[in-house]
Amino acid sequence: MAAVNIDFSQVTDRYIEDAGDAGIALQTDHVNVWYSGTQALKDVTIAIPKNRITAFIGPSGCGKTTLLKCFNRMNDIVSGFRLEGKITLHGEDLYNVSQSPINTRRRIGMVFQQPNPFPMTIYDNLRLPIVENMQGISNSRVRQIISEKLQAANLYEEVKDRLHKSALRLSGGQQQRLCIARSLVLEPEILLLDEPCSALDHISTFKIENLLTDLKKNYTIVIVTHNLQQATRIADHVAFFYQGKIEEQGPAQEVFLKPQSELTANYLHGAY
Ligand SMILES: Nc1ncnc2c1ncn2[C@@H]1O[C@H](COP(=O)(O)OP(=O)(O)OP(=O)(O)O)[C@@H](O)[C@H]1O
Ligand SMILES: [Mg+2]
C-alpha cells in the first residue's frame, strides 16, 4: 500500500465562502451504463451544483470518464453502449428523443487529458467552431469573441502577438488553455474536463487551476482528477467512484475531512 501525503488544510467550505447554493445544473437519476456485456456505471445518482467545481475521483476503471461522456452524449457513437436511468440538464432530459446530441455538446463542452488543438493557427482554432455554428456572423464579431475567450482562458497576453502562428508551437499548458478557450466559444453552460493537467508541469497546472476557479463564476465545472491535492485545492463538491458506483459524494470539506465510507477513507490515504 503506497501512502500518500495529502495536505488537507487547503480544503475549505467553499459553499459557505461562495455565499449560498446556486442550484443544480446536472442531475443523474439511477443511471446504469453498459458497454456490451460490461457494466461501467451502477445506479449512479448525483446532483452537480451550478457554478461550482465538482471533482470526480477514484481508482482507474471505476467509471469517471464514462459518466463525463454520458453528460455530453459522447458515448452515443460507441458500439454496445446502453444507458438506463435519467440525466437532466436544468430539468430537461438529455436523452429525450427531441434533444439533439449536437445541441447538447454546444451546451456541455469537454476538454480532454491530452491538449488537442487543431493543426492550424491559434486564431483559426477558435474561428472554426464559431463560423461552423453561427452562420452569417461578421468577421468583427468573430474577432471580438476570440479575444474575449482567450482572455477568459488567461491566454490572451501570452499569444496576442502570434495569433496567426500555429497552435502546435504553444507549450502544453498553453495548448490546454487554448482548448479551454475553444470549448468556451459556443457559450456552454457546463465545462467537463477529463484529467486536464495530467500532461502538464506544476506551473501550467496551477495556471489551469486558477483559471477554473475564475471560470466557475460563469460556468459549472466537472473535473476528473487523479491528483487528490488538486481536488483539495479547487473542488467545491467531490464524488468518489468505486467499481462503477458513487461510493460517496458531498461538499469537499465533508468528503475529504470526514469521509463516511471506509473505501473513501482508504482511497484518500493511498490504499488503491
Ligand atoms: N469504449 C468502451 N468500450 C468498452 N468498455 C469501455 C469503454 N470505455 C470504457 N470502458 C470500460 O468501462 C469501465 C469504466 O471505464 P472509464 O474509462 O469510465 O474509467 P475511469 O474511471 O475513467 O478510469 P481512468 O481513471 O483509468 O481513466 C472500464 O471497465 C472500461 O474498461
Ligand atoms: Mg478516465
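Remarks
- Residue count for region 56-91 under the criterion of being within 14 Å of ligand 2 (Cβ to nearest atom) and outside any loop (DSSP other than H, G, I, E, B): the result is 12.
- Which numbered condition THR28 fails, given (1) over 22 Å from CYS179 (Cβ atoms); (2) within 15 Å of ligand 1 (Cβ to nearest atom); (3) in a loop (DSSP other than H, G, I, E, B): (3)
- Number of residues in region 39-91 that are modelled with pLDDT of 95 or more and among the acidic types (Asp, Glu) equals 2.
- Just one of the numbered conditions (1) surrounded by fewer than 22 Cβ atoms within 10 Å (Cβ to Cβ); (2) assigned to a helix (DSSP H, G or I); (3) touching a Gly at 6+ places or on another chain (Cβ under 8 Å) is not true of GLU254: (3).
- Checklist (1) closer than 30 Å to ARG143 by Cα; (2) aromatic (Phe, Trp, Tyr); (3) away from ligand 2 (no atom under 16 Å from the Cβ) applied to PHE112, failing item: (3)
- Residue match in region 28-38 (condition: under 20 Å from HIS237 (Cα atoms), within 17 Å of the chain's Cα centre (by Cα) and more than 16 Å from ligand 2 (Cβ to nearest atom)): yes
- Matching entry among GLN230, GLN243 (being over 23 Å from PRO117 (Cα atoms), out of contact with any Asp or Glu (no Cβ under 9 Å at 6 or more places or on another chain), within 16 Å of ligand 2 (Cβ to nearest atom) and not small (Gly, Ala, Ser)): GLN243
The values are calculated or read from the model by the stated rules, or taken from the named source; none is laboratory data. All of these numbers come straight from a predicted model, not from anything done at the bench. Quick reminder, even Gly has a Cβ in these numbers, built from the backbone with ideal geometry, and neighbours come from all protein chains shown.
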